[in-house]
Amino acid sequence: MPDVSQILDQFLISPGEKVKLKDHDPGWAGDKKIPKEQRKEYAQQLLAGDIEELCAAQELLYAADTWSVLLIFQAMDAAGKDGTIRHVMSGVNPQGCQVYSFKQPSSEELDHNFLWRCMKALPERGRIGIFNRSYYEEVLVVKVHPEYVAKQRLPEAKVNKDFWQARYDDINAFEQHLSRNGTLILKFFLNVSKDVQRQRFLDRLNDPDKHWKFSASDVAEREHWDEYMEAYEEMLRETSTKWAPWYVVPADHKWVTRAVVAQIVSQEIKSLDLKYPEVTKEQKAKIEEARRKLESK
């Protein structure tokens, strides 16, 4: 069975790459020559190993206190963002990880620029921050529903091609600023198919314990599927950069999604080559003194 790390490049969007989501299979599940159960078992083993590595990496991230990590998840409804976050980060110390879910902007948030509410939630050095949706909603939902721009009361705003390009430019500049100042940014678009989304919605409707997850707006937004796919394609092309890359992750099979995300996060944090702080001579002397005192009693 091949190592997942050997195939991660197929999910990475290169800067400026022309993206067609039809070329990215939401149902991808590895080499079909290998039985599904064997592939699934292998993916679960990788996930378990990566969760363990993430736990150790988060401790080192905190100790080094030089980098922070920002993970951004975007997807259509029912793509599995919540479950992926929960499973991938299950081994991480809660004190070193923070998750923010961005809903419809409040009146206070609308009185600021579109990046403001996310800027407030950025992780400090030594911590992992997770955005369940983010400022990218401003070039997705708002692009599909341009009437929302009026609520932002922007002076002399003309919602045209230049308007959206300016937002892409602002996002890229913002993320480059974060990267320059020690934030590792990884962005995941969980690519679920329309058929699988439909089935997951039906599962929610048919299970009373999942009714709380359902909103009538979910089905209403589904009517704009093609518009959303176009918005995602342009967003991926315009905002996947060397300092903040996008990954298009297959999301029809949850076991695939979780294994791929965990592998990417684990691999990229390891690439930071973090090290524990060096202990000075003075600190070593104090450590030895403390040891002698404790051992003498």
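Rule-based calculations on the coordinates, nothing more; no lab input. Bear in mind the structure is a predicted one, so any value in this text is a computation, not a measurement. Neighbour counts run over all protein chains shown; Cβ positions are idealised from the backbone, glycine included.
Excluding residues on the same chain fewer than 8 positions from residue 40, give the aspartates and glutamates whose Cα lies under 14 Å from its Cα.
Partners found: 3, 31, 252.
Please identify the trypsin sites (Lys or Arg not before Pro) of segment 20-94 that satisfy two criteria: DSSP loop assignment and at most 12 other Cβ atoms within 10 Å. Which are they?
20, 32, 33
How far is helix 161-180 tilted, in degrees, relative to the longest principal axis of the Cα atoms in the chain, given as a value from 0 to 90 rounded to the nearest 10?
0
Please work out whether segment 18-156 counts as rounded, prolate or oblate from its C-alpha gyration tensor, where a ≥ b ≥ c are the square roots of the eigenvalues and a/c under 1.5 means rounded, while otherwise a/b larger than b/c means prolate and anything else oblate? Mind dumping the intermediate values first?
Working: a/c = 2.95, a/b = 1.34, b/c = 2.20.
It is oblate, given that a/c is not under 1.5 and a/b is not larger than b/c.
Counting other beta carbons within 10 Å of each Cβ, put 118, 97 in order, fewest first.
By the 10 Å Cβ count, ascending: 97, 118.
Check the straight Cα-Cα distances from residue 33 and name the lysines below 23 Å, setting aside those fewer than 8 residues away within the same chain.
Once the sequence-local lysines are set aside, what remains near residue 33 is 22, 254.
Pairing the Cα long axis of helix 225-239 with the longest principal axis of the chain, what angle in degrees results, from 0 to 90 and rounded to the nearest 10?
50
With both partners inside the chain, how many of the DSSP beta bridges are antiparallel, as a percent to the nearest 5? Please list the in-between numbers first.
Details: 2 of 25 bridges.
Among the beta bridges of the chain, antiparallel pairing accounts for roughly 10 percent.
Using alpha-carbon pairs under 8 Å, 6+ residues apart, how would you state the relative contact order of the chain in percent?
Details: 386 pairs, mean separation 104.2, N = 297.
Contact order relative to length: 35 percent.
Out of segment 205-297, which GluC sites (Glu not before Pro) are coil in DSSP terms and have no more than 14 other C-beta atoms within 10 Å?
Of the GluC sites (Glu not before Pro), the ones in loops of segment 205-297 whose Cβ has at most 14 other Cβ atoms within 10 Å are 223, 278.
Can you give the helix-only mean residue ellipticity at 222 nm for the chain, where every DSSP H stretch with n ≥ 4 adds -39500 (n - 2.57) and the sum goes over all residues, rounded to the nearest 500 deg cm²/dmol?
Taking each H run of at least 4 residues, the total per residue is -14500 deg cm²/dmol.
As a quick test, which of the pairs 81/213; 194/242; 20/143; 120/187 have an alpha carbon distance above 20 angstrom in this structure?
Numbers: 81/213 13 Å; 194/242 30 Å; 20/143 18 Å; 120/187 18 Å.
Violating the 20 Å limit, Cα to Cα: 194/242.
At a threshold of 8 angstrom on Cα-Cα distance, excluding pairs fewer than six apart, so keeping six or more, what relative contact order does segment 161-297 reach in percent?
34
Within straight cross-link reach of residue 293, meaning Cα distance under 21 Å, which lysines are found once same-chain residues fewer than 8 apart are removed?
The qualifying lysines are 281, 284.
Within a 10 angstrom radius of the beta carbon, how do 68, 193 rank from fewest other beta carbons to most?
193, 68
How charged is the neighbourhood of residue 206? Take every other residue with its Cβ under 13 Å from the Cβ of residue 206, and add Lys/Arg as +1 and Asp/Glu as -1. Write down the numbers at each step before the final one.
On the way: positive: 198, 200, 204, 210, 213; negative: 203, 207, 209.
Every neighbour counted, the sum reads +2.
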